[in-house]
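Heads up, the thing below is written out as structure tokens.
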Amino acid sequence: MSDNPIPLRLKQARNKIGISQKELGIKIGMDESSASGRMNHYEKGRHSPDLETLRKIAQELNVPLNYFLCEDDLSAALACLISRLDDTSKKALITELEKMEDLELEKIVEQRENSPEIAIDIKDL
């Protein structure tokens, strides 16, 4: 992916709901005569929408704002799924992810202890 993930994410989200560039532009308040061209510039990466415009686009496409900044498809999918959770579910997910992270760190420490040839300094993790 290029340095700017916005063009790809914008096109993916717009295509997913099946609306044209012009329709999206009009729905977020752009003038009908320039909506298609402006949205095309955003999707081609020639211009980037300002934050407020990106918020409007996110709301219209029913994706979280951070979706547009995800550099890979898995992160983008997670961002969308997480955004649909209520606060209680988000907290529970955080707890579970922290447990998973702790287990991974324990595995690394255990591997280090059992394999002295692996020189991993824990403070580097």
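Some observations on this one:
- Relative contact order (%) - segment 1-42, alpha-carbon pairs under 8 angstrom, separation at least six: 34 percent
- Å² per residue, accessible surface of the chain at 1.4 Å: 71 Å²
- Sequence-separation-based contact order of the chain, relative, with Cα cut under 8 Å and 6+ spacing, percent: 21 percent
- Extending 7 Å from Cα along the Cβ direction at Ser48 and again at Lys16 yields two label points whose distance is 2.1 nm.
- By a 1.4 Å probe calculation restricted to protein chains, Leu8 has an accessible surface near 80 Å², given to the nearest 10.
- Each pair of Cα atoms in segment 9-78 enters the Kirkwood radius, and Stokes-Einstein at 10 °C and 1.306 mPa s then converts it into a translational diffusion coefficient of 131 µm²/s.
- Using a probe radius of 1.4 angstrom, the carbon and sulfur fraction of the accessible surface of segment 1-103 is 52%.
- Using a probe of 1.4 Å on the protein chains alone, the accessible area found for Lys11 is around 90 Å².
- Proximal lysine pairs, the chain, alpha carbons under 24 Å, eight or more residues apart or interchain: 18
- Given charges at Cβ of Lys, Arg, Asp, Glu: the chain dipole, positive-most of Gly18, Leu78, Thr88: Gly18
The values are calculated or read from the model by the stated rules, or taken from the named source; none is laboratory data. Because the structure is predicted, anything quoted here is derived from the model rather than measured. Cβ coordinates were reconstructed from backbone atoms using ideal geometry, including for glycine residues, and neighbour counts include every protein chain displayed. Remember, those area values only see protein heavy atoms, side chains included, never the ligands or the DNA or RNA. Shrake-Rupley method; radii C 1.70, N 1.55, O 1.52, S 1.80 Å.
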